[in-house]
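Report on the structure given below.
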Amino acid sequence: MEPFYFSKFESRRPYKPIPDNKYRTLLFQFTGIVSIALGFAYLNWRWRHSLNPDAMWFAILLASAETLSFLSTILVVINFWSNKDAEKTPPLHFLSEIEETFGRPDRPVKIDVFIATYNEDVELVRYSIVDAKKLNYPFADVKIKIYILDDGRRDGRDSAKQNMKKVAEEEGVGYLIREHNEGYKAGNLKNALENTEGDLFAILDADTRPFPNFLVNTIGYFRKRDVAWVQTPQWFYDTTPAQKLSYVINNKLKNLGAENKVIANVIDFLFGKITFNEDIFGNDPRLFYEAILRKRNFYNAAFCCGAGSIHRREAVMSLAIRDFALQIKKLEAYLAGKKRNKTEIKNERKALLLKQEIIPFKFHASEDIYTSMMLHGDTLNRWQSIQHPDVECRMLSTQDLDSWIKQHERYAAGSLDIAFKDNPVFMKGLSLGQKICYFNTIWSYFAPVWLLVFLLSPMIFFFTLSLPIKAYSFDFFKYFLPFQIMNTITITLGCWGIQTKRGDQYYVSSFWFMLMALFSVIKGEKVKFNVTPKDKVLALNKNFKHILPHLVIIALSLCGIVYNLIIISMGSHPSVSGFAANTFWCLLNMIDLSVMIRAAYWTPDSTLEQSISK
Amino acid sequence: MLKIRYTELFHLTGDRPLDELAGVCIDGIHYYDFKSLIFLTNTDLASLIDLIKCSLEHGVEVRFVNVNDGIKRKIIAMGLDRILSCD
């Protein structure tokens, strides 16, 4: 098969899930409660005793941001409260094992594997097909059918496009297309469900390559008749490898025409263990799947993320039909309210019936989370979801900042759009735990509101010389430090064994595009479904617009520090301790912001030997 | 899964395979006999909705006869009682 950039990462193997430990969980619960108590004490002190009356607007702004941020802490503690992995069971054989047959003749279960594609390189999709064809299953009479769902209509009609249909035929798998792109991926899946008949179906993206035991390890969960879907962790096997300091420096020297092996050896000798740029785009989703989503099993609130998931057809069809019926009822009620005569109502009802569609996955930019929410809220069936802990597929990550931001902007805008249109907090049918978990996801996308305040606060101090608190006194540290320390311990325990550094940096560094996503949703703009490129590295000049706000903040911060140093040297600075505290804060902000700047100018290694492959 | 042969929608005659529905069109109303059906899956229900829509496009109403209580209960539970006409 045609080699791609990711061919060099073929030997990478996924992580093993962290075993559950009840003592660690208990310790987490203890520190979590203490952390929340200390947070309340700190905020109580902040609001009641620390606001600076000389700069009240600034004081209230920062205290409000801290309060909003603290709500995140509470939500995270609730999310991480406990773990409840579903019991693994062997693969099933017959339909009667997953649903009541009501006297119908029993038969082996049918499984479909959908590979959704739009414009990806057909040879890249071939990798996914080939791996899907290698899927094991212990029962020979269980039919596993693979279908390519090509929303790009690459069936040979357009000679300018690659021919996806030809690849599907060469590989001997099914090929499904439709003549429009309504509903994007959700519409593509709808079309597939209308043309297939599997009792269970797996969703793979064009770049999702299942390991041979993907179905063997997951299908057994469906013995529980209320399990609607199983999500496996998405694992990106092509994240950027770590680079030695000597390599980074020598590369810069090489660009200047001054490459020097001696210097490289000296740096290696002195700082050999220091590495840079590992997963520079913060693509590794382990924190999300292993800590956040896996722990939502406890509340039956783990949501589907699309690729790498397996679904019960009856569950999504049940949702689709009930939604269809509900929409018709709503429209009928609307017509009844308009006081039409019987013939008019009959005609309009007919028009509505013809217009309304059965939609298994919600037509939305975040169709996965939206559909999950609806299934969880289905009081008739009380569907269960399972976040499977082991990696069963490998996927490709975005390889440039512009694509990364477009992808995450869609996640943010999609989730925020749900918050404004169908807020889970007010949704009937969801349990309290499910409401909190869904709200946690949505709330995380409001982070730019307080992050912007945290990023601007040091600068406001530098240029106004006004403090948001009365003083950086002992009282401040007495309340602030215990809360921060306990919070760090709590998060460390909650994310035990998982690297969070890159995630923390991107949390701050993402403030700008997340803010833009928030504004666009507030303005009522339609959320665009951008297909994430996985096979190309885009031009670097596209990235500059994404990092401009970061550069401005860093530049202003540096100017502010210099300005304050001048005032201090003149002996007229009103708060040197305030300067020290804000400079420290500012430096932490700059470190976090810098990751996106480095990502913007990151280029793939030409010589992998010089980097440390994981 | 229930299969409907749309191309034969208006001239269903003779024996049908077990997984297809027998029907007859009288005075602009197409009747389908559910006598041999003991259960419907959600996918089957979706097929029936598609059948109704397909018929409506041609100005034909659809009614289902000999529907057992279990299927009727399911239709009501799914909120389709005003969409799928059962006798």
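The values are calculated or read from the model by the stated rules, or taken from the named source; none is laboratory data. Not measured: the values here are computed from a predicted model. Neighbour counts run over all protein chains shown; Cβ positions are idealised from the backbone, glycine included.
Things to note:
- With respect to the conditions (1) part of a helix (DSSP H, G or I); (2) modelled with pLDDT of 85 or more; (3) surrounded by fewer than 22 Cβ atoms within 10 Å (Cβ to Cβ), A:Glu348 lacks only one, and its number is (2).
Residue by residue, here is whether (1) over 24 Å from A:Trp57 (Cα atoms); (2) in a helix (DSSP H, G or I); (3) not assigned by TED's automatic domain parsing to the domain that holds A:Thr25 holds:
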| position | (1), (2), (3) |
| --- | --- |
| A:Phe461 | no, yes, no |
| A:Ser466 | no, no, no |
| A:Met486 | yes, yes, no |
| A:Ile498 | yes, no, no |
| A:Val508 | no, yes, no |
| A:Phe513 | yes, yes, no |
| A:Phe519 | no, yes, no |
| A:Gly524 | yes, no, no |
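- Only listed residue being modelled with pLDDT of 95 or more, under 22 Å from A:Pro468 (Cα atoms) and of a type in the set (Ser, Thr, Tyr), chosen from A:Thr25, A:Thr67: A:Thr67
- Filter result for the condition that a residue is in a helix (DSSP H, G or I) and either touching a Cys at 6+ places or on another chain (Cβ under 7 Å) or more than 10 Å from chain A (Cβ to nearest Cβ) (or both), over B:Arg73, B:Arg63: B:Arg73
- Residue check, A:Ser50 touching an Asp or Glu at 6+ places or on another chain (Cβ under 8 Å), more than 30 Å from A:Lys145 (Cβ to Cβ), among the polar types (S, T, N, Q) and away from every other protein chain (no Cβ under 14 Å): yes
This table checks each residue for (1) assigned to a helix (DSSP H, G or I); (2) touching a His at 6+ places or on another chain (Cβ under 9 Å); (3) at pLDDT 95 or above.
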| position | (1), (2), (3) |
| --- | --- |
| A:Asp106 | no, no, no |
| A:Val125 | yes, no, yes |
| A:Asn136 | no, no, yes |
| A:Ile146 | no, no, yes |
| A:Ala168 | yes, no, yes |
| A:His180 | no, no, no |
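- Restricting attention to the stretch A:182-213, the residues that are assigned to a loop (DSSP other than H, G, I, E, B), acidic (Asp, Glu) and surrounded by fewer than 20 Cβ atoms within 10 Å (Cβ to Cβ) total 2.
- Taking residues in the stretch A:317-344 that are facing another protein chain (nearest Cβ under 7 Å), and partners anywhere that are surrounded by fewer than 16 Cβ atoms within 10 Å (Cβ to Cβ), the pairs with Cβ atoms closer than 9 Å and at least 6 places apart or on different chains are A:Ser318/A:Leu380; A:Arg322/A:Leu380; A:Arg322/B:Ala77; A:Ala325/B:Asp81; A:Ala325/B:Arg82; A:Ile328/B:Arg82; A:Lys329/B:Arg82.
- Test: residue in the stretch A:395-413 that is assigned to a helix (DSSP H, G or I), assigned by TED's automatic domain parsing to the domain that holds A:Asp131, buried (at least 18 other Cβ atoms within 10 Å of the Cβ) and aromatic (Phe, Trp, Tyr): no
Listed here are the residues, each with its yes/no results for (1) in a loop (DSSP other than H, G, I, E, B); (2) touching a residue at least 40 places away in the same chain (Cβ under 8 Å); (3) surrounded by 14 or more Cβ atoms within 10 Å (Cβ to Cβ).
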| site | (1), (2), (3) |
| --- | --- |
| A:Ile249 | no, no, yes |
| A:Val266 | no, no, no |
| A:Asn297 | no, yes, yes |
| A:Ala301 | yes, yes, yes |
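- For the stretch A:103-134, the set of residues classified as closer than 28 Å to B:Thr41 by Cα, in contact (Cβ under 8 Å) with a residue 60 or more places away in the chain and surrounded by fewer than 20 Cβ atoms within 10 Å (Cβ to Cβ) consists of A:Lys110 only.
- Within the stretch B:35-60, the set of residues being in contact (Cβ under 8 Å) with a residue 40 or more places away in the chain and either closer than 19 Å to B:Val24 by Cβ or more than 10 Å from every other protein chain (Cβ to nearest Cβ) (or both) comprises B:Ser47, B:Leu48, B:Leu51, B:Cys54, B:Ser55, B:His58, B:Val60.
- Across the stretch A:429-447, a minimum of one residue is classified as under 30 Å from A:Ile561 (Cα atoms), in a helix (DSSP H, G or I), touching a residue at least 40 places away in the same chain (Cβ under 8 Å) and not assigned by TED's automatic domain parsing to the domain that holds A:Thr371.
- The set of residues from the stretch A:152-168 being acidic (Asp, Glu) and closer than 17 Å to A:Asn188 by Cα comprises just one member, A:Asp155.
- Being in contact with a Phe, Trp or Tyr (Cβ under 7 Å, 6 or more places away or on another chain) and either free of Cβ contacts under 8 Å to residues at least 12 places away in the same chain or among the polar types (S, T, N, Q) (or both) holds for only one residue in A:Thr239, A:Thr196, and it is A:Thr196.
- Scanning the stretch A:90-112 for residues that are more than 12 Å from chain B (Cβ to nearest Cβ) and more than 18 Å from A:Phe201 (Cα to Cα) returns a single hit, A:Asp106.
Results for (1) under 23 Å from A:Gln505 (Cα atoms); (2) at pLDDT below 80, shown as yes or no for each residue.
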{"residue": "A:Val248", "(1), (2)": "yes, yes"}
{"residue": "A:Glu259", "(1), (2)": "no, yes"}
{"residue": "A:Ile274", "(1), (2)": "yes, yes"}
{"residue": "A:Ile280", "(1), (2)": "yes, no"}
{"residue": "A:Ala291", "(1), (2)": "yes, no"}
